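What follows is a short report on a single structure.
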Amino acid sequence: MASKMLWATRAASYLRISVVHRGFSTVLKDLKYADSHEWVKVNGTAATIGITDHAQDHLGDVVYVELPEVGASVKQGDSFGAVESVKATSDVNSPVSGKVVEVNEELSNSPALVNSSPYKDGWIIKVEMNDSGELKNLMDSEEYSKFCEEEDSKH
Amino acid sequence: MRGPVKLEVWKMGFVNYLDALKLQEKLVSDRKLCRIPDTLLSLQHPPTYTLGKRRTDHNLLIPASELKSIGAELHYTQRGGDITFHGPHQAILYPIISLREIGLGARNYVEKLESTMIELSSLYGVKACAGQKGETGVWVGERKIGAIGVRISHGITSHGLAFNIDPDLKYFKHIVPCGITDKEVTSLRRETSTVLPTEEVIHEQLISCFARLFGYNTVVWKENPSLSSDHEEIE
């Protein structure tokens, strides 16, 4: 766990953002979050999407990532692919609508990148958004941290 | 803290694999829309080999064309996990439950499914345990007694677990079970010296272990439910 904190601190100073520590799960400040635990990094109309540290921790070791085709359409809240861990396939949903312009082929060889680097090397798809207005439906880092806390206290 | 939590159990007897799959798809959709409570299907399948999302059919050791001659079907599914066999005298549970409502992730969910089978085994004096890393399932020493393969879609589960009461273990010789070579498959019959009660009793015990481990305080039983599941409105 100490190594996770160290990673998070290093990542924070590299990315020059402040990191909100929530137990052992890291939440990054300038991303947006869906309640199904995906994050999106927005740059104009370009969006990079992955799953959060909380999600990868709750999944276990990822052994397989099912990626969509480049050119496929995605819709906010709908599934675009899946990850497999501990004999469970879990759908991954898109936080935004648009067209897939790139997928992270590295994940076919190294699916564990989703666990070790969920916000950086473990990114899953890049999307050209068609409706930036949808971003208001997502949570910011503080709301997402609180959301995770509430979810984890249910059991 | 959660309020009263209800589990509806469908005791289904023998069900063809595809029929069970179609029913699960409908129930997942209903559960997502909160039309039904958490539901558990308890059943057995005729001899059936199934593959998961990764389609690891290199682990099927006989040609697919020969399956009919041994009385078995083959189905490709969207669940996690490798190839496995389902057949008579193997207890199957398919929980259709909302993980989001109980705040469970895939890893914790699967651990609880393992614990369900471990607890059941202990009722018969069998010391089972969860697998090593990467070998999800339930083991007695180096022998596998219970398998798991799950799908989670919008936080709702389908597929589930298969516990070997006394299936014909010869069927497992035609596959590399769960993609793990050099490990045997076993059954409750093989591992215990206790006289086994009827399978119906063992199914009910498995369901009780599940309900207790997942914290359900109300269990509603539905005998001989219809596969077409025309549900009355549930408040």
For this session: Kindly provide the set of residues from the stretch B:43-61 that are in a strand (DSSP E or B) and within 14 Å of another protein chain (Cβ to nearest Cβ), ordered by number.
Result: B:50, B:51
For this session: Answer yes or no: is there a residue in the stretch A:126-146 that is closer than 16 Å to residue A:57 by Cβ, in contact (Cβ under 8 Å) with a residue 24 or more places away in the chain, surrounded by fewer than 23 Cβ atoms within 10 Å (Cβ to Cβ) and away from chain B (no Cβ under 14 Å).
Result: yes
Seminar exercise, completed: Contact list, first residue from the stretch A:54-68 and more than 9 Å from chain B (Cβ to nearest Cβ), second anywhere and charged (D, E, K, R) and assigned to a loop (DSSP other than H, G, I, E, B), beta-carbon distance below 8 Å, six or more apart or interchain, is A:67/A:105
Exercise. Only one of (1) β-branched (Val, Ile, Thr); (2) surrounded by fewer than 21 Cβ atoms within 10 Å (Cβ to Cβ); (3) within 17 Å of the chain's Cα centre (by Cα) fails for residue B:198. Which number is that?
Worked result: (3)
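Going residue by residue through the stretch B:10-26, is there one that turns out to be of a type in the set (Gly, Ala, Ser), without any contact (Cβ under 8 Å) to a residue 24 or more places away in the chain and surrounded by fewer than 18 Cβ atoms within 10 Å (Cβ to Cβ)?
Looking through the stretch B:10-26, none of the residues is of a type in the set (Gly, Ala, Ser), without any contact (Cβ under 8 Å) to a residue 24 or more places away in the chain and surrounded by fewer than 18 Cβ atoms within 10 Å (Cβ to Cβ).
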For this session: Considering only residues that are more than 9 Å from chain A (Cβ to nearest Cβ) and of a type in the set (Phe, Trp, Tyr), look in the stretch B:62-113 and name the one that is surrounded by the fewest Cβ atoms within 10 Å (Cβ to Cβ).
Result: B:76
Seminar exercise, completed: Taking the stretch B:48-57 and keeping residues touching a residue at least 60 places away in the same chain (Cβ under 8 Å) and surrounded by fewer than 18 Cβ atoms within 10 Å (Cβ to Cβ) leaves B:56
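How many residues, within the stretch A:74-94, are within 10 Å of chain B (Cβ to nearest Cβ), surrounded by 18 or more Cβ atoms within 10 Å (Cβ to Cβ) and of a type outside the set (A, V, I, L, M)?
Of the residues in the stretch A:74-94, the ones within 10 Å of chain B (Cβ to nearest Cβ) are A:77-79, A:82-91, A:93.
Narrowing further to those that are surrounded by 18 or more Cβ atoms within 10 Å (Cβ to Cβ): A:82-91, A:93.
Subset that is of a type outside the set (A, V, I, L, M): A:84-85, A:87, A:89-91, A:93.
Looking only at that region, the number is 7.
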For this session: Of all residues in the stretch B:114-154, count the ones that are at the interface with another protein chain (Cβ under 10 Å from one of its Cβ atoms), touching a residue at least 60 places away in the same chain (Cβ under 8 Å) and more than 19 Å from residue B:190 (Cα to Cα).
Result: 6
Exercise. What about residue B:150, is it assigned to a helix (DSSP H, G or I), in contact with a Ser or Thr (Cβ under 7 Å, 6 or more places away or on another chain) and not charged (D, E, K, R)?
Worked result: no
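Return yes when residue A:71 is within 12 Å of chain B (Cβ to nearest Cβ) and of a type in the set (Gly, Ala, Ser) and no when it is not.
Working: within 12 Å of chain B (Cβ to nearest Cβ): no; of a type in the set (Gly, Ala, Ser): yes.
No; evaluated as a whole, the condition is false for this residue.
Kindly evaluate residue A:44 against the criterion of being crowded, with 22+ Cβ neighbours inside 10 Å, under 18 Å from residue A:134 (Cβ atoms), of a type outside the set (D, E, K, R) and more than 14 Å from chain B (Cβ to nearest Cβ).
On the way: crowded, with 22+ Cβ neighbours inside 10 Å: no; under 18 Å from residue A:134 (Cβ atoms): yes; of a type outside the set (D, E, K, R): yes; more than 14 Å from chain B (Cβ to nearest Cβ): yes.
Here the answer is no, as residue A:44 does not meet what is asked.
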Exercise. If you check residue A:111 against the conditions, is it within 14 Å of chain B (Cβ to nearest Cβ), of a type outside the set (Val, Ile, Thr) and within 12 Å of the chain's Cα centre (by Cα)?
Worked result: no
Problem set entry | Number of the exception - residue A:153 against (1) of a type outside the set (Lys, Arg); (2) in contact with a Ser or Thr (Cβ under 9 Å, 6 or more places away or on another chain); (3) under 30 Å from residue B:5 (Cβ atoms) | (2)
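Throughout, read-outs are computed from the coordinates displayed, never taken from laboratory work. All values derive from a computational prediction rather than experimental measurement. Note that we place each Cβ from the backbone using ideal geometry, even for glycine, and neighbour counts take in every protein chain shown.
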